[in-house]
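Some notes on the structure that comes next.
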Amino acid sequence: MSGILSGVRVLDFGRYIAGPYCATIMAQLGADVIRIEKLAGSEDRYMTPLTESGEGGLLFQIAHDKRGMTLNPMKPEGREVVERLVKTADVVVANLPVDTLETMGLDYDSLKAIKEDIILTHPSAFGDVGPYSTKVGFDGIGQAMSGTMYMSGDGEEPRKLYGPWVDFSTAMASCIGTLAALMHRNATGEGQVVGTSLFGSSILISSVALMEQAVLDLNRVGTSNRAQGAGPADTFKTKDGWVLVQSIGRPLFERWAKLMGEDHWLEDPRFETDQDRGDNGHILSERMAKWCLERTTQEAMDQMAEVRLPCGPVLSPQQVLEDPHLKAMGLLKDMPYPNSNKDIPVADFPVKMSKSDTSIKKRAPLLGEHTEEVMSSLGYSASEIADLQSKRVI
C-alpha cells in the first residue's frame, strides 16, 4: 500500500524534536525522508541511551521510517552534495538558527536558487521576528516564558512538565503547515517558507489563561494540580496511590454530589457555576481528599466509574507499559534495533485512518546507514563516494 505522501521527498536537517518529528510524521504518511546527520552523529542520536553503542530513546522516536546519511555541508564538496539533494527534494526541514542555515546554504534564498518550488519548514525557538528571534532555546524555555510553568506551580515554586509537549506540539504544527504548503504548491507551483516556533506553540496552549489576565486582570498564581475554573478537579491520595478527578460542568458536579451522598453541595451558592467551584475549589478538594483516603485506588476508580465521573489513576512509566488499554490501542510498537538487548517500544503516530496505513514501518537508521545508497542515487560513482568518505565529507 503506497502512502498518502508517496513521491514526496523530505530532507531532514533537524535536531532534537520540533524539526525531526515533523519529518517523521511525513515519513509515516509515505514520504521518502532522508535524515542528514553530522559524521559523528547528531546530538539527538544519543539522548537517553538504550543500546550498547549508545543510541537513545529520542532517536527511536524521531528517526524511524527514515533513511539515514551523514554529511558535512560546511565543506565545498558537501555543498555540492546538498545542491544535488535539494534538486531531488520537495521539502527541507531544518530547525536551526537562521545564521546557521545561511552558513550551511539551507536558507530559503539559497534553496530557492537551486529549486524554485522548494518548501523550507523552519521551526525555531522564538520565530524569525522580534527581539528574541536570534535566541536559542528548548522545550522548557517555551514552558517558562508562556505562563504555563508559572501557573503549573503551587504559588511558591513554578513547575515544568516532564514531557516535552512544546516540542511535540511544534512538530505537529510544522507538519500541518508543510502539508498545507504542499497543497498550495500543487495548486500554484509556488514553494514557500513554513515558520513555526516553540514560543508560538506554548502561547497557543496557554492562551486562555492569557485572555483571562488581559481582560480581568486577576493576577492568578498557580494552585498545583487543582483546577482554577472547575471543581472538584485535583489529584488525590488514596490508600495505595493517587488519582486525578476532573468534575467540569454542572452535570458532573451533580454526579460528584451523588457519589458523596451529599446533595447539599448542589444548593450552596459558592458552587453554583464552574468558576464558582474553581474559586472555592480548595473546599471541594478537601472533601474529595477525605473520601479518596478511605479507599484504594481501584476502589475509588470503580465507584467513580459507577456514576461516570471522569477520573484516572496516576501511573508510573512501568504501570503505563502494563496498562491493558495501551496494549488494546496498539499505541506502542516494539521495534528491534542492533545492539539492543530488547525490542524498543516506539510510540506510533496517534492518528488512525480507515483508508490509509499510517503505522511505523521501519526502525530508526544506524548512523550513515543509507549514505552510499543515497549518494549513488544522486549520480556519485563508487570511487567518488570513497573519495568523499576519505575526506570526511560523508
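Quick note: the coordinates plus some simple rules give every number you see, no bench work behind them. Fair warning: this is a prediction, and the values are worked out from it, not measured in the lab. A quick note on method: Cβ atoms are made from the backbone with ideal geometry, for glycine too, and the neighbour counts reach across all protein chains shown.
Would you mind ranking 292, 22 by Cβ crowding within 10 Å, fewest neighbours first?
Listing 292, 22 from fewest to most nearby Cβ atoms yields 292, 22.
Between residue 197 and residues 5 or more places away or on another chain, which pairs have amide H atoms under 5 Å apart, with H built 1.01 Å from N, and which residues are they?
Amide H neighbours of residue 197, under 5 Å, 5+ apart: 124.
Karplus couplings for the stretch 132-147 from phi (6.51 cos²θ - 1.76 cosθ + 1.60, θ = phi - 60°), rounded to Hz, Gly and Pro as x?
Listing the rounded values in order: 9, 4, 9, 6, 9, x, 10, 3, x, 5, x, 4, 5, 9, 10, x Hz.
Under 5 Å between amide H atoms, partner at least 5 residues away or on a different chain: which partners does residue 33 have, H built in plane at 1.01 Å?
The answer is 10, 67.
Name the long-range amide H neighbours of residue 121: under 5 Å, sequence gap of 5 or more, or other chain; modelled H, no Pro or chain starts.
Hits under the 5 Å cutoff: 92, 93, 94, 194.
How much of the DSSP beta bridge set in the chain is antiparallel, as a percent to the nearest 5?
Bridges in the chain are about 40 percent antiparallel.
Please give the charge dipole size of the stretch 114-266, origin at the Cα centre, charges +1 on K and R Cβ atoms and -1 on D and E Cβ atoms. Round to the nearest 20 debye.
Roughly 240 debye, rounded to the nearest 20.
Just the number, please: Stokes-Einstein D of the stretch 118-202 in µm²/s, Kirkwood Rh from C-alpha pairs, 20 °C, 1.002 mPa s.
So the translational diffusion coefficient is about 153 µm²/s.
What does the charge dipole of the chain about its Cα centre add up to, to the nearest 20 debye, if the Cβ of each Lys and Arg holds +1 and the Cβ of each Asp and Glu holds -1?
620 debye
By a straight-distance test (C-alpha under 14 Å), which aspartates and glutamates pair with residue 38 as possible cross-link partners, with residues fewer than eight away in the same chain excluded?
12, 369
Take the alpha carbon gyration tensor of the stretch 245-394, find the square roots of its eigenvalues, order them as a ≥ b ≥ c, and report rounded if a/c is under 1.5; if not, report prolate when a/b exceeds b/c, else oblate. Could the numbers behind the result be given before it?
Details: a/c = 3.75, a/b = 3.20, b/c = 1.17.
Since a/c reaches 1.5 and a/b is larger than b/c, the shape of the stretch 245-394 is classed as prolate.
Nothing charged except the Cβ atoms of Lys and Arg (+1) and of Asp and Glu (-1): what's the magnitude of the dipole of the stretch 222-379 about its Cα centre? Round to the nearest 20 debye.
Taking the Cα centre of the stretch 222-379 as origin, the dipole is about 300 debye.
Identify which of the listed values of Rg and Dmax of the Cα atoms in Å was calculated from the structure shown: (1) 19.9, 63; (2) 25.0, 85; (3) 21.5, 69.
Of the labelled values, this structure produces (2).
State whether the stretch 61-163 is rounded, prolate or oblate according to the following rule on the C-alpha gyration tensor (a ≥ b ≥ c being the square roots of its eigenvalues): a/c under 1.5 gives rounded; otherwise a/b larger than b/c gives prolate, and the remaining case gives oblate. Don't skip to the answer; put the middle values down first.
Working: a/c = 2.98, a/b = 2.17, b/c = 1.37.
Prolate is the answer for the stretch 61-163, as a/c is 1.5 or above and a/b outweighs b/c.
What list of ³J(HN,Hα) values in whole Hz, one per residue of the stretch 229-245 in order, does the Karplus curve 6.51 cos²θ - 1.76 cosθ + 1.60 (θ = phi - 60°) give from phi, with Gly and Pro shown as x?
Calculated HN-Hα couplings, in order: x, 5, x, x, 9, 6, 9, 9, 7, 10, 5, 9, x, 9, 10, 10, 10 Hz.
Quick one: pull the percentage of alpha-carbon pairs in the stretch 13-88 with a separation above 16 Å. Before the final figure, lay out each step's value.
On the way: 1474 of 2850 pairs.
That tail contains 52 percent of the Cα-Cα pairs.
How large is ³J(HN,Hα), in whole Hz, for each residue of the stretch 310-317 in order, when computed from phi with the Karplus curve 6.51 cos²θ - 1.76 cosθ + 1.60 and θ = phi - 60°, using x for Gly and Pro?
Listing the rounded values in order: x, 7, x, x, 7, 9, 7, x Hz.
Tell me the mean residue ellipticity at 222 nm calculated for the chain from its helices only (DSSP H runs of n ≥ 4, each -39500 (n - 2.57), averaged over every residue, nearest 500). Could you put the intermediate results ahead of the total?
On the way: 18 runs with 163 residues, N = 394.
Taking each H run of at least 4 residues, the total per residue is -11500 deg cm²/dmol.
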